[in-house]
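**Q** The structure that follows is given in the form of structure tokens.
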Amino acid sequence: MVIKLPLIGISGNQLLQVSTAFEGTSVAYTPQFFIDGLHHVGASPLILPIGTKEMAQQYVQLLDGLLLTGGYDVDPNLYGEDPHPQLQAIYPQRDTFELALIEAALERKIPILGICRGMQLLNVHFGGTLYQDLPTQYGEHMMQHVQKAPFNFPVHAVSVEADSYLHTLTGDRAMVNTFHHQGIKDLGKGLRVVATSSDGMVEAVEATDSEQDILALQWHPEIMLNNDSVSRAIFTDFVKKCQ
Ligand SMILES: [Mn+2]
């Protein structure tokens, strides 16, 4: 008998820079944190390689949940802007593929967990905009959002809205890690901000439509699963909802 664990699709990345690790060959991949994290909470992770819109639709038919990962900057043309000088590498095929994943997942109403770029792309899907480069566009009151501390060390606080779903996992306040030079500017219609840092940065969003199960975070719980109970709660809860 085959034991059926929740099948979680992970939006895969592609290594475009030539790396000696793969003898210069481009590779499809996801950080091991996501795999380990999903294994740990009893799910079957499935890495989805960047492909066509049709492939995205096909993949989502198989899934119980969708995990949108971090990575390249989002193409600013998707929210009607020209590239800022500090915009970093973009990969438009990944944007197109992941927007199709989002669309198909919303249609099937399967749970979506968005992380970092995943949250930003969800916002763009809902018609929102991004800061292309926080250090030059956000203003002087911005705290450090690319931490110099070890990746699994939570460095800044976020305040969580009392009536949000996230609050049931975090309480009023959580400590998070942070590695982002982009962030949400104008919020997309259909999303609500459920956590912010003290400089006003959007740190988490949820869907306003109660039929859609979206939780998206600007931080990286997958890296803190071994040392942070809130991060474990977020992963555990996500997989439970996918069952
Ligand atoms: Mn941050």
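**Q** List pairs: first residue in the stretch 138-153 and among the polar types (S, T, N, Q), second residue within 13 Å of the ligand (Cβ to nearest atom) and in a loop (DSSP other than H, G, I, E, B) anywhere in the structure, Cβ distance under 6 angstrom, at least six positions apart or on different chains.
**A** GLN147/VAL155; GLN147/THR178
**Q** Looking at the stretch 93-108, is at least one residue basic (Lys, Arg), under 25 Å from LEU7 (Cα atoms) and buried (at least 18 other Cβ atoms within 10 Å of the Cβ)?
**A** Yes: the stretch 93-108 contains one or more residues that are basic (Lys, Arg), under 25 Å from LEU7 (Cα atoms) and buried (at least 18 other Cβ atoms within 10 Å of the Cβ).
**Q** Something else now. Scan the stretch 181-194 for residues that are within 16 Å of the ligand (Cβ to nearest atom) and out of contact with any strand residue (DSSP E or B) (no Cβ under 7 Å at 6 or more places or on another chain) and jot them down.
**A** Once the filter is applied, which keeps residues that are within 16 Å of the ligand (Cβ to nearest atom) and out of contact with any strand residue (DSSP E or B) (no Cβ under 7 Å at 6 or more places or on another chain), the stretch 181-194 yields nothing.
**Q** Hey, among the residues in the stretch 201-228 that are assigned to a strand (DSSP E or B) and either of a type in the set (Val, Ile, Thr) or modelled with pLDDT under 95 (or both), which one's nearest to the ligand (Cβ to nearest atom)?
**A** So the residue we want is VAL202.
**Q** Here's something else I'd like to know. Among residues belonging to the stretch 60-83 that are part of a strand (DSSP E or B) and under 22 Å from GLY183 (Cβ atoms), point out the one that is farthest from the chain's Cα centre (by Cα).
**A** ASP73
**Q** May I ask you to list the residues in the stretch 1-35 that are of a type in the set (S, T, N, Q), surrounded by 12 or more Cβ atoms within 10 Å (Cβ to Cβ) and under 21 Å from ILE115 (Cβ atoms)?
**A** Once the filter is applied, which keeps residues that are of a type in the set (S, T, N, Q), surrounded by 12 or more Cβ atoms within 10 Å (Cβ to Cβ) and under 21 Å from ILE115 (Cβ atoms), the stretch 1-35 yields SER11, ASN13, GLN14, THR30.
**Q** For residues in the stretch 139-173 being more than 11 Å from the ligand (Cβ to nearest atom) and closer than 30 Å to ASN77 by Cβ, which is surrounded by the fewest Cβ atoms within 10 Å (Cβ to Cβ)?
**A** Initially, the stretch 139-173 is screened for residues more than 11 Å from the ligand (Cβ to nearest atom), giving 139-141, 148-153, 159-173.
From the residues that got through so far, the ones that are closer than 30 Å to ASN77 by Cβ too are 139-141.
On the way: GLY139: 11, GLU140: 5, HIS141: 8.
Looking at residues that are more than 11 Å from the ligand (Cβ to nearest atom) and closer than 30 Å to ASN77 by Cβ, I get GLU140.
The values are calculated or read from the model by the stated rules, or taken from the named source; none is laboratory data. All figures in this text were calculated on a predicted structure; none of them were measured in a lab. Reconstructed Cβ throughout: ideal geometry from the backbone, glycine too, with neighbour counts over all protein chains shown.
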